[in-house]
2 protein chains.
Amino acid sequence: MVSNVEIICVGNELLIGKTLNTNAHWLAKKVTTLGLAVKRITVVGDDVEEIAQAVREAIQRKPAFIITTGGLGPTFDDKTLEGVAEALGRRLERNEEALKMVEEKYKQYAAEGRIDRFEMTPHRVKMATLPEGSRPLRNPVGTAPGVITECEGVVLVMLPGVPQEMMAIFEESVEPLLRKAAGNLTFYEASVEVWGIPESTLAPLIDKAMRDNPYVYIKSHPKAAEGTPHIELHISTTSEKPGDARRRISKAVMQMSEMIQREGGRIRPRRV
Amino acid sequence: MVSNVEIICVGNELLIGKTLNTNAHWLAKKVTTLGLAVKRITVVGDDVEEIAQAVREAIQRKPAFIITTGGLGPTFDDKTLEGVAEALGRRLERNEEALKMVEEKYKQYAAEGRIDRFEMTPHRVKMATLPEGSRPLRNPVGTAPGVITECEGVVLVMLPGVPQEMMAIFEESVEPLLRKAAGNLTFYEASVEVWGIPESTLAPLIDKAMRDNPYVYIKSHPKAAEGTPHIELHISTTSEKPGDARRRISKAVMQMSEMIQREGGRIRPRRV
């Protein structure tokens, strides 16, 4: 049974089209490669009620994990922890472990002369103010710690929006948890480029290959507008046994290739 | 009053991290620039129930528009129209206007020798099978038409996932509707780069400028990890009067610049 994950990205910059959501893309690839399945990605603005609503809805769908990005920093519009606290019906409280982490960072910045002097301003303490019952996750490259908590059997992980910080905390503290939840399941994929037949001609061939290969998912991605027949065929499966997975994928690729060539199409394997 | 928009992107390729969601980014920028506000972006997989659920939830939040991308093509996993029909409690029916559009495309492809002969296979007819009470939107660069319908005062627009097709249909048929809904409202923005002070030092200055400039939104975007003090400050407003908007933005930029320099930071305007 594949464990489900939901991703919630917080930030007005994503809703006004200022920032391309590379965080969701990176996380989705990571989660999938680890053998879990992302079921939904939600983007909301810097608004406590919007964040709380998205978190509440996600919890109701009972994924194994909810991962949020953004909104952990020191400014007024960093509202993710307030939104999560609201969704979980918990108070925000100063977390001593988190406070120590943040203090150490600013001591270091002062020692390096990056700030005038060490001082814990309210905006700095804010980054150590977590929903009750949470634990901070060390931020190896920035200031605001990540945060982890649990609610109704769902593990919630809150990560910063700065990509380097998000990736560093994920790899250090979140990846091991997901790997454990995935067990031996792994995601396998292959890709084939198809020329010379339109997607609507390919469609019934995919139907047949999907019926004949029940554990394999085949999806066509037109590389340009339909009618300009250049299509990428993506073939994937999730399995506990690498040998089985590879056999399933090659069988489907072989069958698709034969059918495509019979229809007058040309194919070429593609690096995934 | 700003009209709200929700974007729903359909496609497993987005959930497995294969494809970066440039469609949502492009649409969000377009919608914002036209003077409307994107309130939420949701990404779901190629699953009728997941799509229907996301559409139902979005309708309940009563945006002026819901724009979906992906899932309009000829293959088995193009399920957006089925999901929308399910959400609206409507049947899918062959739409004569859409059928004419699709037929014309395949006649043209046959005339150009891109397909052997003109033929309307079930997978091609599928692209003209729309929820009752819908209207097709001409696809200037591909085959599957866009689709528009209305439910409980919410306008639903379904666009293909191939970016060129999505953009072409949007610009030809959707942009005029949004422009009308926006009235005279327009979005204005400016950006300033800040060096030499960390975000936590900037935070109280932003608080003050936001209090003093109530119609202006100021957001800091760390360009690297906190502690490496390089931050982009993004200042935006929505207004009916270009003169007012520009004055509001310059006033906020000026105030922020003064406060930042007083704290020992350096600034430089940035092209948006």
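At a glance:
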| item | result |
| --- | --- |
| Exam field: B:Lys100 pseudo-label spacings to other copies (7 Å along Cα-Cβ), nanometres | 7.5 |
| Surface/4 of the Cα convex hull for region A:83-173, nm² | 6.1 |
| Karplus 3J(HN,Hα) series, Hz, for region A:64-71 with 6.51 cos²θ - 1.76 cosθ + 1.60 (x for Gly, Pro) | 6, 9, 10, 10, 9, 10, x, x |
| Gaussian network model of chain A, Cα within-10 Å springs - most flexible of A:Thr75, A:Thr121, A:Thr149 | A:Thr121 |
| Sparsely packed chymotrypsin sites (Phe, Trp or Tyr not before Pro) within region B:185-217, loop by DSSP, other Cβ within 10 Å at most 13 | B:Tyr215 |
| Approximate shape of the protein assembly as shown as ellipsoid semi-axes (Cα gyration tensor, √5λ), whole Å, largest first | 43, 29, 20 |
| Listed residues A:Ala110, A:Ala52, A:Ala24, most fluctuating in chain A (Gaussian network, C-alpha, under 10 Å) | A:Ala110 |
| Semi-axis lengths, Å, region A:4-182, gyration tensor of Cα atoms, sqrt of 5 times eigenvalues | 25, 17, 16 |
| Region A:186-270: relative contact order as a whole-number percent, Cα under 8 Å and 6+ apart | 44 |
| Inter-copy label distances at A:Gly133 (7 Å, Cα→Cβ; nm, one decimal) | 4.3 |
| Of A:Lys62/A:Lys180; A:Lys208/A:Lys251; A:Lys208/B:Lys79; B:Lys30/B:Lys208, pairs whose Cα-Cα distance is over 20 Å | B:Lys30/B:Lys208 |
| Region A:4-182, relative contact order in percent, only Cα pairs under 8 angstrom and at least six apart counted | 24 |
| CD proxy at 222 nm, helix term only [per DSSP H run n ≥ 4: -39500 (n - 2.57); per residue of the protein assembly as shown; nearest 500] | -12000 deg cm²/dmol |
| For A:Arg266, label point 7 Å along C-beta direction: distances to other copies, nm | 5.5 |
| Cα convex hull volume per residue for region B:146-272 (Å³) | 159 |
| Neighbouring partner chain Cβ atoms per residue of A:197-209, average, 10 Å criterion | 6 |
| Beta bridge orientation in the protein assembly as shown: antiparallel %, DSSP, nearest 5 | 65 |
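Bear in mind these aren't lab numbers, they're just calculated from the coordinates by the rules spelled out. Keep in mind it's a predicted model, so treat the numbers as computed, not measured. Positions of Cβ are backbone-derived with ideal geometry, glycine not excepted, and every protein chain shown enters the neighbour counts.
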